[in-house]
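One structure below.
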Amino acid sequence: MTEHSPRTVADGAVLSLVRRMAHAAATVAGAAVVAMAVLVTLDVVMRWVANRPVEGTLDIVGQWLMPAAGLLCVGLVQINGQHVRVTLVFDNADAGLRRAAAAVCEVASVVMLLWMAYLAIGEAVDSVSNGERSTVVGWLPFWPGHVAVAVALVIATCCAIARLYAVVLRPDLLPEPEPEAVA
């Protein structure tokens, strides 16, 4: 297969699309972290200055922003292969064993993420259809947090599938591993 064959171009385009999805999701996760910081700071200041905390802060942070911040970045970690590794074992193995181990780990990631995405989609559908709301702040629906979790896990699953494909069939499409930090 030549460097510019249709398959090579298509593989690169699909992987690029998945990467862009993962980057967009991680950007939203970053915005959620900033929103949490601003909201909690505002809540503390309002409680201290006016003895009037911002209504719904705990529910907004816990049900909307925390799930988004915690899970929307998982796809980017997955597609870039930025996982915790036992480098003492992994780096001393030959290339064939490293590739086989990586493939097994990617299959496990795909299976786990598919299962989690399936469960999260069910929870999101139930939350939306039941109109699930906060018991403390009646105006606050919980479904956006459930939908964020489902979307994050679907994106992470797409990233895991793309990475599995690249590990098994197209290692040339994988990013170069970053050097390990030395303490």
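The values are calculated or read from the model by the stated rules, or taken from the named source; none is laboratory data. Since we're looking at a predicted model, the values are computed, not measured. Cβ: placed from backbone, ideal geometry, glycine included. Neighbour counts: every protein chain shown.
Descriptive notes on the structure:
- Taking residues in segment 35-59 that are free of Cβ contacts under 8 Å to residues at least 60 places away in the same chain and surrounded by 12 or more Cβ atoms within 10 Å (Cβ to Cβ), and partners anywhere that are of a type in the set (S, T, N, Q) and assigned to a helix (DSSP H, G or I), the pairs with Cβ atoms closer than 7 Å and at least 6 places apart or on different chains are Leu39/Thr57; Val40/Thr57; Asp43/Thr57.
- Residue within segment 86-99 that is of a type in the set (Asp, Glu) and under 21 Å from the mean Cα position of the chain (by Cα) present: no
- Residue under evaluation Ser134, criteria (1) at pLDDT below 90; (2) over 16 Å from Pro67 (Cα atoms), criterion not met: (2)
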